[in-house]
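This report concerns only the one structure given below.
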Amino acid sequence: MKILAAAALLLLAACTSNQIQTTESKAPARKYATVVVGDVTSTKPELQAYALWFRNALVQQLQLEQPFVTVIDPASPTPADGFRVTGELTEIDFGNTAARVIIGFGAGSQQVKGNFTLSEASGEALTRFSSSESYAGGAGIGGANLLSLEELCARFGKSTGQALARFARGEPLSTPAQPSEPATQR
């Protein structure tokens, strides 16, 4: 019975993956205890609601991370012991359910992309990076929509928060490519 339950869970699981590409970076000269969450928006009006899902999850994840003594939201002046994160969701690909079901293996994936800047209190950019989160579908090797776009944006916020925590500890923003936690049915 346990084997059957494990097989069912595997078939209903799907993966999201996150990629971060640094476009301009300075190694942190010190550790940061405070993060200020500035504007996270989109120039595309149809993406504004998704930016809110992202931002809320980002703030929640930052509050869970150990390096930060203080997470300031809504945005206020950046203290000397902190940095500010601002960003823009640049693209949402709604994917193609049929491609996920028929082809699988990542075809028809949903994807969210954004550009972000981390700045010191002086306003000087510490780093700029592009990031994305994708969802390949569930039910084994692809297919079922077990994760909504809102949930994908929330996962994107969470993984970006984890990257910011690494940065605050003096580590690289990105880690070797690996899938995020599996998605399960809503």
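Each reported figure results from applying straightforward, stated rules to the coordinates on display, with no laboratory input. This is a predicted model, so every value here is computed, not measured. Glycine also receives a Cβ, built like all others from the backbone with ideal geometry; neighbour counts cover every protein chain displayed.
Some points to look at:
- Full-stretch length increase - residue 69, residue 130 - with 0.36 nm per residue and alpha-carbon distance subtracted: 19.4 nm
- Computed from the C-beta positions of residue 44 and residue 22, the FRET efficiency with R₀ = 22 Å rounds to 0.40.
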